[in-house]
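Next up is a structure, given as structure tokens.
The values are calculated or read from the model by the stated rules, or taken from the named source; none is laboratory data. Because the structure is predicted, anything quoted here is derived from the model rather than measured. All Cβ positions, even for glycine, are placed from backbone atoms using ideal geometry, and neighbour counts span all protein chains on display. These accessible areas exclude ligands, DNA and RNA; they are computed on the full protein's heavy atoms, side chains included. Shrake-Rupley method; radii C 1.70, N 1.55, O 1.52, S 1.80 Å.
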Amino acid sequence: MYLPPGVTPTDFAAAIRHFETAVGKEWVFTKDEDVDLYKDSFSPFLGEPEERVASAAVAPDSVEQVQQIVRIANQYKIPLYAISTGRNLGYGGSAPVYSGCVVVDLKRMNRILEVSEDHASVLVEPGVSYFDLYRHIKERKLKVWVDVPDPGWGSLVGNALDHGGGYTRPYFRNHFDAHCGMEVVLPNAELIRTGMGALPGSKTWQQYKFGVGPWVDGIFSQSNFGIVTKMGFWLMPQPEAYFSGTVYAQKHEDLHQLIRVLTILEDGGITNGMPDTSSPLLGIISIAEQARMLAVDTPQAAEEPQLLALRDKAATGDYTGLESYGQRKGIPYWSATIKFYGPAKVVPLQWEYCKEKFSAIAGATFKDGELVRFPLASDPTDQARFPEFGIPSLNNFSIGAESSTNPQPLHGHMWFTCIIPRTGAAIIEVNQMFAAAAREFGLPELRFQLPAWYWQRSAICIFGFPVTTDIETNKKNRGHIFRLIEMAAKKGWGEYRTPPAYQDAVVGAYSFNNHSLLKFHESIKDAIDPNGILSPGRYGIWPKHLRKKI
Ligand SMILES: Cc1cc2nc3c(=O)[nH]c(=O)nc-3n(C[C@H](O)[C@H](O)[C@H](O)COP(=O)(O)OP(=O)(O)OC[C@H]3O[C@@H](n4cnc5c(N)ncnc54)[C@H](O)[C@@H]3O)c2cc1C
């Protein structure tokens with residue numbers, strides 16, 4: 001057993017006894033084989049002393065039990081780490097940031113407290129997964145959708161609190177933005193409700209976010225200021241129809257105009273689905289194509305040596321050969337599929353309008369998608385459709401799995417994910433930075449990549465590294481990520497989300513005015529959690545007694 005640092009075995013044993021009284025003996029886990037389940041299975045510290053481990057876990061069933069756990073933790077100075085469904089793979093799994101924490105596993109608090117079709121909203125406890133809510137909605141034939149991330153087994157609460165994202169309309173695919181109202185147990189065990197929830201008997205908790213006065217919800221995301229025990233979300237009213245269309249552009253330089261028009265159309269609400277970009281000529285596949293290839297083990301077709309040579313040339317800045325090759329063979333340089341949810345009569349017209357706007361790109365060509373009406377008679381056979389139709393699955397877990405092209409399955413992954421401006425220039429610049437980094441790291445030449453478009457107004461670029469069972473490789477890859485954090489920060493780009501291993505470094509890069517934002521977070525921490533019992537270290541916020549000087 002791993003004890004919380006600074007806690008005597010006698011105090012720890014007493015705390016465990018109190019936890020057992022609070023939640024029932026069967027819901028306190030202290031045996032190694034149980035506690036090991038709370039390790040991060042994608043941990044970049046696999047087999048190293050720094051691997052994050054819990055000392056025990058406790059699974060409450062009610063808000064009152066959560067409050068009791070927090071009181072006991074304060075009495076014995078036991079650090080806690082709250083998780084909802086604990087599926088945060090790639091960003092820390094269910095492991096605490098600070099080894100020795102008792103994990104507060106909220107999976108038993110899995111009640112769907114209210115779904116309103118009229119107001120398109122839901123109030124859930126932390127243990128409710130996307131699968132749970134989807135089934136609930138389907139069984140009752142409600143005309144609302146839940147926006148889902150790739151893995152359906154995660155929770156609405158945990159995913160939103162970690163700033164997770166999905167695939168439908170911008171408003172709903174930003175999961176924290178889509179929330180409306182919270183209930184939180186503070187580190188002193190006080191219970192608060194935010195927004196309209198603070199008004200006793202409120203009739204609009206899930207309809208108006210702000211209540212009155214400072215809106216504090218944001219401080220409970222990516223932080224350690226409270227344990228969220230209820231959260232409201234706005235659901236997407238089931239659209240009548242869906243339509244998509246693809247625009248193709250022929251020249252390297254067209255990237256700038258393509259992204260400019262795409263962004264104007266999205267910011268103006270003309271297109272309202274998540275864009276999916278690719279480059280047939282550079283061999284960059286779209287998210288949809290990737291999903292299809294994962295669903296059915298599809299070996300990638302061999303490409304002509306001439307095309308590969310022209311791509312190498314393009315990587316040096318000489319695109320003309322590649323462009324003429326594409327024109328000869330009818331292979332476009334860029335493509336962007338844009339999507340529309342709305343009335344069946346309207347969505348094809350929105351696409352017509354978009355075509356007009358994209359026609360500003362000389363030589364642009366178009367392909368119309370098909371009109372899909374809802375509700376669907378059955379789940380689509382095309383796996384790529386699941387996320388954009390709000391259907392949860394675990395399809396994406398085939399990433400890195402053994403296949404005909406990947407005989408050596410990955411153990412896991414860690415991603416450097418930075419937010420860049422939505423411009424062609426920024427996309428080119430981030431690729432130059434990644435290429436320079438790959439050279440510095442001694443990695444093979446990187447292929448040009450296009451961002452993901454989860455968030456409106458910005459773009460996300462990802463540099464992925466495998467998590468392996470080899471300690472030296474993992475160490476090297478961790479070093480690469482630290483270096484990328486530094487390189488990106490110099491360009492003015494920060495990460496939006498990161499596993500515990502990098503949280504101090506990522507937060508450290510947000511250093512305006514001598515780290516004044518982090519200092520503000522620390523002041524809040526000191527005021528509301530003087531014993532530093534809640535999730536120490538999460539997103540760089542350490543309690544006073546564990547704080548390093550910056
Ligand atoms: C192949 C693959 C694809 C993925 N695709 C996506 C994707 O499309 N979109 C996406 O967003 N993510 C994605 N992820 C990341 C991750 O799996 C999901 O975000 C997942 O939903 C997070 O797990 P969870 O919901 O169980 O959250 P949890 O693990 O329960 O919570 C995450 C963190 O939030 C905090 N927290 C959780 N609950 C509480 C609470 N009640 N009170 C206070 N703090 C709390 C804790 O610090 C916790 O560690 C992907 C991962 C993999 C491996």
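Residues checked against (1) more than 16 Å from the ligand (Cβ to nearest atom); (2) among the charged types (D, E, K, R); (3) in contact with a His (Cβ under 9 Å, 6 or more places away or on another chain):
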site	(1), (2), (3)
H411	no, no, no
A436	yes, no, no
R447	yes, yes, no
A489	yes, no, no
R497	no, yes, yes
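Checking the conditions here, which among V58, V66 is within 15 Å of the ligand (Cβ to nearest atom) and either surrounded by fewer than 18 Cβ atoms within 10 Å (Cβ to Cβ) or without any contact (Cβ under 8 Å) to a residue 60 or more places away in the chain (or both)?
Working: V66 fails: either surrounded by fewer than 18 Cβ atoms within 10 Å (Cβ to Cβ) or without any contact (Cβ under 8 Å) to a residue 60 or more places away in the chain (or both).
Checking each option against the conditions leaves just V58.
Have a look at S244, S221, S202, S278 and point out the one that is touching a residue at least 40 places away in the same chain (Cβ under 8 Å), within 22 Å of V128 (Cβ to Cβ) and either surrounded by fewer than 21 Cβ atoms within 10 Å (Cβ to Cβ) or more than 16 Å from the ligand (Cβ to nearest atom) (or both). Step through it out loud before you land on a result.
Details: S244 fails: within 22 Å of V128 (Cβ to Cβ); S202 fails: touching a residue at least 40 places away in the same chain (Cβ under 8 Å); S278 fails: within 22 Å of V128 (Cβ to Cβ).
Every option except S221 fails the conditions.
Another question about this same structure. Given the residues V148, V157, which is the only one that is open to solvent by less than 10 Å² (accessible area, probe 1.4 Å), hydrophobic (A, V, I, L, M, F, W, C), in contact with a helix residue (DSSP H, G or I) (Cβ under 6 Å, 6 or more places away or on another chain) and within 12 Å of the ligand (Cβ to nearest atom)? Reasoning before the result, please.
Working: V157 fails: in contact with a helix residue (DSSP H, G or I) (Cβ under 6 Å, 6 or more places away or on another chain).
Exactly one residue qualifies, and that residue is V148.
Taking segment 346-367 only, how many residues are in contact with a helix residue (DSSP H, G or I) (Cβ under 9 Å, 6 or more places away or on another chain), open to solvent by 80 Å² or more (accessible area, probe 1.4 Å) and not in a helix (DSSP H, G or I)?
1
Out of the residues in segment 102-127 that are of a type outside the set (D, E, K, R), touching a residue at least 60 places away in the same chain (Cβ under 8 Å) and not in a strand (DSSP E or B), which is most open to solvent (accessible area, probe 1.4 Å)?
By that ranking, first place goes to H119.
Among the residues of segment 77-94, count how many are away from the ligand (no atom under 14 Å from the Cβ) and either buried (at least 20 other Cβ atoms within 10 Å of the Cβ) or at pLDDT below 95 (or both).
Count: 1.
With (1) open to solvent by less than 40 Å² (accessible area, probe 1.4 Å); (2) in contact with a strand residue (DSSP E or B) (Cβ under 7 Å, 6 or more places away or on another chain) as the list, and I192 as the residue in question, which single condition is left unmet?
I192 satisfies all of (1) open to solvent by less than 40 Å² (accessible area, probe 1.4 Å); (2) in contact with a strand residue (DSSP E or B) (Cβ under 7 Å, 6 or more places away or on another chain) except (1).
Kindly establish whether G226 is open to solvent by 10 Å² or more (accessible area, probe 1.4 Å) and within 16 Å of the ligand (Cβ to nearest atom).
yes
Shifting gears a bit: Quick one: what pairs do we get from segment 129-144, first residue basic (K, R), second surrounded by 13 or more Cβ atoms within 10 Å (Cβ to Cβ), C-beta under 7 Å, 6+ apart or different chains?
As it stands, the answer is K143/E117; K143/P237; K143/Q238, since those pairs meet every condition given.
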